[in-house]
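Written below as structure tokens is the structure these notes are about.
The values are calculated or read from the model by the stated rules, or taken from the named source; none is laboratory data. Since we're looking at a predicted model, the values are computed, not measured. Cβ coordinates were reconstructed from backbone atoms using ideal geometry, including for glycine residues, and neighbour counts include every protein chain displayed. With ligands, DNA and RNA removed, areas are computed over all heavy atoms of the protein, side chains included. Shrake-Rupley method; radii C 1.70, N 1.55, O 1.52, S 1.80 Å.
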Amino acid sequence: MSNLLQLQNQDWPEPIVRVQSLSQSGSFVLPPTYIKPPSERPCHNSLQTNEVGDIPLIDLSGFDDEALGGGISDAVGKACKEWGFFQVVNHGVSPRLMRAAKAAWREFFYSPQEVKEEYANSPNTYEGYGSRLGVKKGAVLDWSDYFFLHYRPHSLKDHKKWPAYPSSCREETEEYNRELVNLCGKIMKILSVTLGLGEKYLQECFGGEDIGACLRVNYYPKCPQPDLTLGISPHSDPGGITVLLPDDQVPGLQVRKGDSWVTVKPVSDAFIVNIGDQIQILSNGIYRSVEHRVIVNSGKERFSLAFFYNPRSDLLIQPSKLLVTPERPAMYQPMTFDEYRLYIRTRGPQGKAQILDSLKSTSNSTPPCNNMG
Ligand code: OGA
Ligand code: NI
């Protein structure tokens, strides 16, 4: 059976249990479904954060008048090659809106269970309230609940699928998403210029105005035994770029750097930006979509809003001709984002995916590759 048929015919392989309800049960032990094998636990082999430093912090305040020439582009290019991640401040999105969106979503997760269950999702589209990624029966699960919704293309946006409670949620989310599309447009220009492709090039590859965009709100409840599990397993993001509004009180996101996991220190009112697999493909491996994961803790819950900016889903994405040379042949075969994400939705987060490897058109060495959504 094809992946598509498998997904269309399928519901979750096991009854869904809300992580929030497990957390609230007050148990001091972690249910076995969430216990990772020792080699995948947070403490295994992790080195000290300060040995490798922090992800770069970039001030976008000069963006409009700088004509994309100088410091910002250089800093972004370096960050995309070395880390695949950076934080941005003075990004133009109002801190009021960032707080309001987060507050609305916190209220949604605090609302009665039956209110949330009206939005329970299925693996066909993942839209709505969910507690797992991937449909593999018997998989070890991650310690998080989430809400996933579409914003672009317009045809997939459906406010009725967004929470009606709290009453501000749809409006704040609409405004937040609109601002985030703008911000992603700016970041796309910077990435494009830095790759030597001209300001509009990457955006055109994504379909111009017809991009895809979705929001996933992640909720990581308090965990009785945080050393045995993860909030999200290692993965790279399958799409174009991700703009994450982290919890500014509680760290949790860890980024892979060589053999170590670097815990990102939240900066107030900043966003965390990372490169997804589609930009890795378009840039012919010059920019890297880097593996990351989330750790949880017993004392504090954590919320984050992950905004995914993606190519139009039926366009073939392949290494830009301008970045393919005899010395650097095309590293990936063309594939649409629709085809690509099907793999990830079927498999769930599994490190940086075999899928990028399987797309390789030569045996050239690139960074190892993984995914999810
Ligand atoms: C994601 C993700 C990180 C976080 O949603 O893809 O990596 O800190 N989230 O919640
Ligand atoms: Ni991610």
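Annotations
- Qualifying position, being within 15 Å of ligand 1 (Cβ to nearest atom), of a type in the set (Val, Ile, Thr), modelled with pLDDT of 95 or more and open to solvent by 40 Å² or more (accessible area, probe 1.4 Å), among Ile286, Ile295: Ile295
- Residue within the stretch 230-241 that is more than 19 Å from Phe308 (Cα to Cα) and at pLDDT 95 or above present: yes
- Asp248, sole failed condition from (1) of a type in the set (Asp, Glu); (2) free of Cβ contacts under 8 Å to residues at least 24 places away in the same chain; (3) within 12 Å of ligand 2 (Cβ to nearest atom): (3)
- If the condition is being closer than 30 Å to Trp105 by Cβ and of a type in the set (Ser, Thr, Tyr), then the stretch 297-343 contributes Ser298, Ser304, Tyr309, Ser313, Tyr340, Tyr343.
- Count of the stretch 265-275 residues which are open to solvent by 10 Å² or more (accessible area, probe 1.4 Å), within 11 Å of ligand 1 (Cβ to nearest atom) and at pLDDT 95 or above: 0
- Scanning the stretch 217-228 for any residue that is open to solvent by less than 30 Å² (accessible area, probe 1.4 Å) and among the polar types (S, T, N, Q) turns up at least one such residue.
- Residue match in the stretch 90-107 (condition: open to solvent by 10 Å² or more (accessible area, probe 1.4 Å), under 18 Å from the mean Cα position of the chain (by Cα) and of a type in the set (Lys, Arg)): yes
- Selection from the stretch 264-316 of residues that are within 13 Å of ligand 2 (Cβ to nearest atom) and assigned to a helix (DSSP H, G or I): Asp277
- Being open to solvent by 30 Å² or more (accessible area, probe 1.4 Å), free of Cβ contacts under 8 Å to residues at least 12 places away in the same chain and within 24 Å of Cys80 (Cβ to Cβ) holds for only one residue in Gly198, Gly258, and it is Gly198.
- Residue within the stretch 321-338 that is β-branched (Val, Ile, Thr) and within 16 Å of ligand 2 (Cβ to nearest atom) present: no
- Scanning the stretch 307-326 for residues that are among the charged types (D, E, K, R) and in contact (Cβ under 8 Å) with a residue 12 or more places away in the chain returns Arg312, Asp314.
- Residue check, Trp143 open to solvent by less than 10 Å² (accessible area, probe 1.4 Å) and closer than 19 Å to Asp248 by Cα: no
- Qualifying residue in the stretch 204-211 (condition: at pLDDT 95 or above, touching a Leu at 6+ places or on another chain (Cβ under 8 Å) and at positive phi): yes
- Complete set of residues in the stretch 209-242 that are within 11 Å of ligand 1 (Cβ to nearest atom) and in a strand (DSSP E or B): Cys214, Leu215, Arg216, Val217, Asn218, Tyr219, Tyr220, Ile232, Ser233, Pro234, His235, Thr242
- When the stretch 137-168 is filtered for residues that are touching a Phe, Trp or Tyr at 6+ places or on another chain (Cβ under 6 Å) and not basic (Lys, Arg), the ones remaining, listed by number, are Leu141, Trp143, Ser144, Asp145, Phe147, Phe148, Leu149, Pro163.
- Some residue of the stretch 148-168 being among the polar types (S, T, N, Q) and either in contact with a Leu (Cβ under 8 Å, 6 or more places away or on another chain) or crowded, with 16+ Cβ neighbours inside 10 Å (or both): no
- Cβ-Cβ contacts under 9 Å between residues 6 or more apart (or on different chains), taken from a first residue in the stretch 107-119 that is within 11 Å of Tyr165 (Cα to Cα) to a second residue that is among the polar types (S, T, N, Q) and in a helix (DSSP H, G or I), are listed as Phe109/Gln20; Lys116/Gln20.
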